[in-house]
1. What distance in nm separates the two pseudo spin-label positions at GLN88 and GLU286, each 7 Å out from Cα along the beta-carbon direction?
2. So who's got an amide H within less than 5 Å of the one on LEU255, skipping anything under 5 residues away but keeping other chains? H placed 1.01 Å off N, in plane.
3. Please work out the FRET efficiency for the pair LYS319 and ALA170, using the Cβ-Cβ distance as r and a Förster radius of 25 Å; give the result to the nearest 0.05.
4. Quick one: net charge around HIS253, please, counting Lys, Arg +1 and Asp, Glu -1 for every other residue with C-beta under 10 Å from its C-beta.
5. Under the rule a/c < 1.5 gives rounded, and otherwise a/b versus b/c splits prolate from oblate, where does segment 71-134 land using the Cα gyration tensor?
6. Please work out the C-alpha center-to-center distance from segment 276-299 to segment 219-260 and express it in whole Å.
7. Which net charge results when you count Lys and Arg as +1 and Asp and Glu as -1 among the other residues whose beta-carbon is under 15 Å from that of ASN77?
8. What net charge do the residues around ILE103 carry, taking every other residue with its C-beta under 10 Å from that of ILE103, with Lys and Arg at +1 and Asp and Glu at -1?
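Bear in mind that the values in this text are calculations on the coordinates, not laboratory data. Remember, it's a predicted structure, so these values are computed and weren't measured experimentally. No Cβ is skipped: glycine too gets one built from the backbone with ideal geometry, and neighbour counts run over all protein chains shown.
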Amino acid sequence: MSPARLLLMLSALSAATLLGACSSGPEQALSTLQATRGQARSTQDSSAQLAQAGAITIAANDFSSKESMVALARQQNLALSAAFTPYQGSSARIYGSTALGCIAGSVEVRESPDLKFQVWGRGRNFAHPIMAQYLNDLRTKIKAQGLPPLVVGDIALKYGGPYGPKSNHASHNTGLDVDLPFFFAPRGQSVADHPDVYIVKGQKVLPTFTPEITRLIISAASDPRVDRVFVAPMIKQRLCQLYETQPHNGFLHKLRPWFGHQAHMHVRLKCPSDSPQCLSQSPIPEGTGCGYEVQSWFMPPPPKSPSKLTQSQAKPKPKPKLPEQCKILWRTR
C-alpha cells in the first residue's frame, strides 16, 4: 500500500471517529469541540509536538490538472470555478509547519489592476508558487463576478519564518497562508494604508457584511487547494444560517471559527505534493461544523479544573525548534 493511500485511510478513520462523537450528544460534542479547538491552536506547536500528535502528513495533494481538481471539488462538495491554474511542480520547497518553518524558492506576488495590497509590514508579499497561482485564480474569479479588485494582506517573508517579536502572527512561515481583508479596492487606487473593515462585532452582524463580501468568502473557501479558512465565530454562524441546506456547501467545512478575524479571513492552503517535509495540521472533523460546534463558541467556557501542581512545580514547555534546513537556509541567503 502506498504511503499516500495509507494517509488517506488514516485521515478518513480520524474524521469518522470525530463525526461519530459529534452525533452522540452534547457531552461528547463538547469533547470534540475542545479537541478541534486544540488542533486549531496546534498552528503554534513545534515540529516535534506536531509529530507527537500525529499531525505530520505525507503531502499527496494532486492539483496538476483540471480533471484532478474537478474530482477533488466533487469529493469536497464544492462548486469549482473555471478559473484554475494547474500546479505541476516547482523548485520551491517548504520545511516545517506554517507556524514553525521556512521556504526556499518563494515567488514575489505583485500588485496588478485586479489585485491590491493592504500593507501591514514590509516584505510580506512572498508566497509558495501554489499560493501565487491560487491568488491569481481568485483574482480572476472575483473579476468574473463583477466585483472590484481583490485586496491581499500578509503572505510570507522571502525565506519564510516568523515576522518577528512585534508581530501578532503565529503563522505565515511557509508561504501557504494569506490574509484577505473584508473590503475591495476602488479601481485605480492604492489601499496600502486602508483602515480595517470589520463585518462583525461580537455576536452582531454589521452592515459591512454585504452580499459581495459573502461572495468573496465563498469564492476564497471553495477551492480544493484550501485546507482551512479562519474566520470570526459570528461569520461562520451567519454563513451556516444562509447556506447549510444549500448544495455545494463544502466551503462551510473549511471555515474554522477562531478568535479575531473580524476584519479579514486567514486562508491556509494544503501542503504541495513536491514538499514532503511540509507539515500539515490535523484534518478538520467531517461535516459543515454548523450546529452545536459553532454555537458553542458563544457559550460560557467550562470551569477550569484545579491544577495539582503549583506554578513553580509545573514543568516548563520545551522551546519550539525550527527545522535544521531553515537554519541553513537563513545562514546562506
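1. 3.6
2. The list, which skips near neighbours in sequence, is VAL229.
3. Values: r = 15 Å, r/R0 = 0.60.
With R0 = 25 Å, the Cβ-Cβ based efficiency is 0.95.
4. Values: positive: ARG228, LYS254, ARG256; negative: GLU286.
Overall, the nearby charge balance is +2.
5. Numbers: a/c = 1.92, a/b = 1.29, b/c = 1.50.
In terms of gyration-tensor shape, oblate.
6. After rounding, the separation between the Cα centres reads 10 Å.
7. Numbers: positive: ARG74, LYS254; negative: ASP223, GLU244, GLU286.
Every neighbour counted, the sum reads -1.
8. On the way: positive: ARG93, LYS158; negative: none.
That sum, taken over residues with Cβ under 10 Å, equals +2.
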